[in-house]
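Peer 1: Got a structure for you, written out below as structure tokens; questions coming shortly.
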Amino acid sequence: MENIQEQIIIPTDKLVFIPLGGATGVGMNFFLYGYQGKWLIVDCGIGFPGDGLPGVDVLLADPAFLADKKQDIVGLVITHAHEDHIGGVAYLWHDLKCPVYVTPFANELLEDKLNQEGLLGRVDVHVVEQGTSIDLTPFEVEFIRMNHSLPEPNALAIRTHEGLVVHTGDWKLDADPILGQQTDFQTLEALGQEGVLAMVCDSTNVFGTRTSKTEADVADTLTQLISEYPNKQIAVACFASNVARMEGICRAAAANHREVCLLGRSLWRVEAAGRATGYFKDIPAFLSEAEALERPIGSVLYICTGSQGEPFSALSNLASTMPQKNSVYFGADDVIIFSSRVIPGNEKAIALLQRRLKAKGIKIITDREALVHVSGHYAGDDLKKMYTLLKPKIALPVHGEAMELMGHVELARQWGAKAAFALEDGEVIELDDTPQIIGEVKAGILAVDGKRIIRLDDEALRKRRKMMDDGSAVLTIVLDKKGVLMGEPQLSTFGLVEQTESDKEALILQIKEKIAEIKPDQINNNDLIENHMRQTIRQFLKEHYGKKPVLEIHLVRI
């Protein structure tokens with residue numbers, strides 16, 4: 001963030017809200033509430049890098065602002081178990097060292113992540129039931145039951161002496177939820193009567209049209225589709241975390257007398273968490289891939305990961321052109337149903353995967369052909385209903401793209417909010433009868449790069465991105481003490497258009513000529529010689545190939 005006011009004084013007698021991640025875009029949710037010198041964190045999620053960050057596994061909000069405030073963090077509260085809300089806890093807990101509060105299903109998935117990072121038993125985790133309140137003085141936090149695509153999504157009622165804030169998390173209003181109970185409208189209405197100072201609200205689907213379609217309708221559609229292919233292998237691809245969809249798929253399979261097999265490690269992790277917390281009660285045990293291979297063709301329904309075109313997912317394996325030993329193989333006239341939406345940025349990967357599947361003769365069904373997906377987020381009328389119930393004085397849209405955030409601001413004003421702000425990550429806003437942005441604090445993005453967590457502007461990442469675009473070149477030259485070249489310079493290039501022998505000879509000749517031009521009083525100046533070599537190579541490659549590769553010069557003295 002540019003022009004950060006590092007010395008901003010945050011008043012302790014005011015309630016402030018600071019998004020460190022998740023205010024703009026989708027992912028890396030990390031929100032702060034400050035009051036009386038104490039800090040409450042809501043959510044700690046991850047984001048996923050695009051193609052421009054090779055080697056980076058996930059992205060995280062930078063918690064550097066809290067580095068000298070650890071002792072004043074009263075807790076980290078998780079709204080629900082999606083990766084963009086909970087996935088960063090295991091990576092960032094060392095920087096926070098605070099108690100973590102989660103509902104039972106989220107706790108099961110969190111324990112798995114903590115175990116992977118060697119933190120199981122070291123993090124102070126508290127399991128909280130929906131509908132209960134916790135005292136995190138000077139905050140009181142109440143967990144309010146909502147609907148979403150996975151178990152136990154919560155809005156949070158955050159009470160202080162300065163007022164009540166409702167933090168919605170991700171939500172929708174499902175008239176016929178397959179999973180869990182309906183949204184707790186009674187509590188939401190009571191909060192509106194109590195008086196809501198501000199609402200921090202998801203903006204993911206602010207332009208979504210009103211639809212009465214539910215997860216139950218999707219299950220009905222899947223039931224009909226599966227019945228149309230009685231002797232074919234059928235796979236349904238969905239998000240691993242969409243437990244509601246998994247239950248609906250299982251209903252459709254049972255109606256067609258098929259057993260269900262899970263393909264993908266993340267599905268098995270979610271299944272284990274669901275079973276441990278009382279979900280999948282009426283659903284028989286899922287088949288392993290080995291068990292499914294022993295069943296007759298047409299008697300199994302597969303649920304698989306990879307709907308976004310992930311290269312090493314179960315669905316990508318089904319696109320393989322050759323059967324693999326001990327693996328399920330799909331061929332001509334088998335059926336794959338994409339029961340998910342296309343996440344922006346994944347269009348090319350999904351299109352490539354679908355072309356591979358079609359090339360094998362596999363029939364593909366998406367939400368363009370049938371009702372095989374509904375959003376886990378609200379539709380337009382639901383958002384209006386939320387404003388009608390809560391009547392917030394201040395609207396703080398988060399978790400959306402720029403157009404969604406600005407559209408949400410306009411709608412909030414139409415629906416009665418006296419003030420509405422689309423904040424940038426790092427902006428600090430005072431929440432009172434005259435809300436105002438009082439400045440900015442440090443906010444940025446961290447990258448999980450193998451076993452390291454580094455800043456996004458790290459030199460290693462910069463070089464790696466440049467190598468992707470322009471390639472790299474390595475020159476090794478050996479000089480004696482008098483500066484005489486010993487042997488032929490060795491030049492290797494990577495990721496450039498293949499050099500012709502004549503080009504390489506011409507460049508080597510220029511390198512030798514440049515060495516011969518070095519003055520006697522500069523012959524021991526390694527830095528100067530390396531700079532001359534770098535300029536010579538860079539100029540040649542730019543003129544001949546239009547590239548500026550990453551250059552490494554190895555100067556050896558003997």
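Peer 1: Taking the dipole about the Cα centre of the chain, with the C-beta of Lys and Arg at +1 and of Asp and Glu at -1, give me whichever of 10, 78, 134 is farthest to the positive side.
Peer 2: 78
Peer 1: Moving to a separate point now. Among DSSP beta bridges whose residues both lie in the chain, state the antiparallel percentage, nearest 5.
Peer 2: If I count the DSSP bridges inside the chain, around 55 percent turn out antiparallel.
Peer 1: Can you compute the helix-only [θ] at 222 nm over the chain? Use -39500 (n - 2.57) per DSSP H run of at least 4 residues, normalise by all residues, nearest 500 deg cm²/dmol.
Peer 2: One gets -9000 deg cm²/dmol as the mean residue ellipticity at 222 nm.
Peer 1: On a full-extension model of 0.36 nm per residue, what is the gain between residue 213 and residue 528, subtracting their alpha-carbon distance, rounded to one decimal in nm?
Peer 2: Extra length available between residue 213 and residue 528 comes to 106.4 nm.
Peer 1: Taking R0 as 35 Å, what FRET efficiency do you get between residue 445 and residue 480 from their Cβ-Cβ distance, rounded to the nearest 0.05?
Peer 2: After rounding to 0.05, the efficiency reads 0.15.
Peer 1: Straight-line reach from residue 113: which aspartates and glutamates have Cα under 12 Å away, leaving out those fewer than 8 places along the same chain?
Peer 2: Straight-distance partners of residue 113: 83.
Peer 1: OK, next. Which whole-number percentage describes the relative contact order of segment 342-431, with Cα contacts under 8 Å and a sequence gap of 6 or more?
Peer 2: 21 percent.
Peer 1: Calculate log10 I(q)/I(0) of segment 81-153 for q = 0.15, 0.18 Å⁻¹, where I(q) comes from the Debye formula with a single equal point scatterer on each Cα and nothing for solvent.
Peer 2: -0.52, -0.75
Peer 1: Still on this structure: Which sequence of 445, 234 reflects their accessible areas, 1.4 Å probe, from the largest down?
Peer 2: 445, 234
Peer 1: What accessible area per residue, rounded to a whole number of Å², is obtained for segment 241-398 using a probe radius of 1.4 Å?
Peer 2: 46 Å²
Peer 1: Once amide H atoms are built 1.01 Å from N in the peptide plane, which residues 5 or more positions from residue 439, or in another chain, come under 5 Å H to H?
Peer 2: Those lying under 5 Å, H to H, from residue 439 are 428.
Peer 1: Let me ask something else about it. Please work out how much length the chain gains when fully extended from residue 363 to residue 488, using 0.36 nm per residue of separation minus the C-alpha to C-alpha distance, in nm with one decimal.
Peer 2: 39.1 nm
Peer 1: Once you place label points 7 Å from the Cα toward the Cβ at residue 276 and residue 519, how far apart are they in nm?
Peer 2: 7.2 nm
Peer 1: Per 0.36 nm of contour for each residue apart, how much would the distance between residue 13 and residue 228 grow if the chain were fully extended, relative to their Cα-Cα spacing?
Peer 2: In short, 70.9 nm is gained.
Peer 1: Distance cut-off 18 Å, Cα to Cα: go down the list 14/393; 213/358; 519/548; 14/384; 69/97 and report the pairs above it.
Peer 2: In this structure, 213/358; 519/548; 14/384 lie more than 18 Å apart at Cα.
Peer 1: Any idea what diffusion coefficient segment 135-234 gets from Stokes-Einstein, in µm²/s, Kirkwood Rh on alpha carbon pairs, 4 °C, 1.567 mPa s?
Peer 2: Reported coefficient: 81 µm²/s.
Peer 1: May I pose another question? If you count only protein heavy atoms and use a 1.4 Å probe, how large is the accessible surface of residue 338, to the nearest 10 Å²?
Peer 2: Looks like 10 Å² after rounding.
Peer 1: So if I take the centroid of the Cα atoms in segment 304-377 and the same for segment 62-131, what is the distance between those two points in Å?
Peer 2: 33 Å
Peer 1: For Cα extents along the principal axes in Å, the choices are (i) 79, 52, 39; (ii) 87, 69, 46; (iii) 94, 68, 46; which was calculated from the structure?
Peer 2: (ii)
Peer 1: Can you pull the percent of segment 365-412's accessible area that's carbon plus sulfur, 1.4 Å probe, other chains left in place?
Peer 2: Carbon with sulfur: 58 percent of the solvent-accessible area.
Peer 1: Ok, one more. With θ set to phi - 60°, apply the Karplus curve 6.51 cos²θ - 1.76 cosθ + 1.60 along segment 300-315 and write out the HN-Hα couplings as whole Hz, x wherever there is a Gly or Pro.
Peer 2: 10, 10, 9, 10, 9, 8, x, 5, 9, x, 4, x, 10, 7, 4, 5
Peer 1: Return the distance in nm (one decimal) between the two label points of a simple spin-label model at residue 161 and residue 294, each offset 7 Å from Cα along Cα→Cβ.
Peer 2: It works out to 6.7 nm between the two label points.
Peer 1: Further, regarding this structure: Short version: ³J(HN,Hα) in whole Hz for each residue of segment 60-76, in order, from phi by Karplus 6.51 cos²θ - 1.76 cosθ + 1.60 (θ = phi - 60°), x for Gly and Pro, what are they?
Peer 2: 9, 6, 7, x, 4, 4, 8, 4, 9, 10, 3, 5, 9, 7, 7, x, 10
Peer 1: Return the lysines within reach of residue 542: Cα separation strictly under 16 angstrom, same-chain partners fewer than 8 residues apart disregarded; answer none if there are no such residues.
Peer 2: Within reach: 466, 504.
The values are calculated or read from the model by the stated rules, or taken from the named source; none is laboratory data. Small disclaimer: the values here were computed from a predicted structure and weren't measured. Every residue, glycine among them, receives a Cβ derived from its backbone with ideal geometry; neighbour counts consider all protein chains shown. The area values use the complete protein model at the heavy-atom level, side chains included, leaving out ligands, DNA and RNA. Shrake-Rupley method; radii C 1.70, N 1.55, O 1.52, S 1.80 Å.
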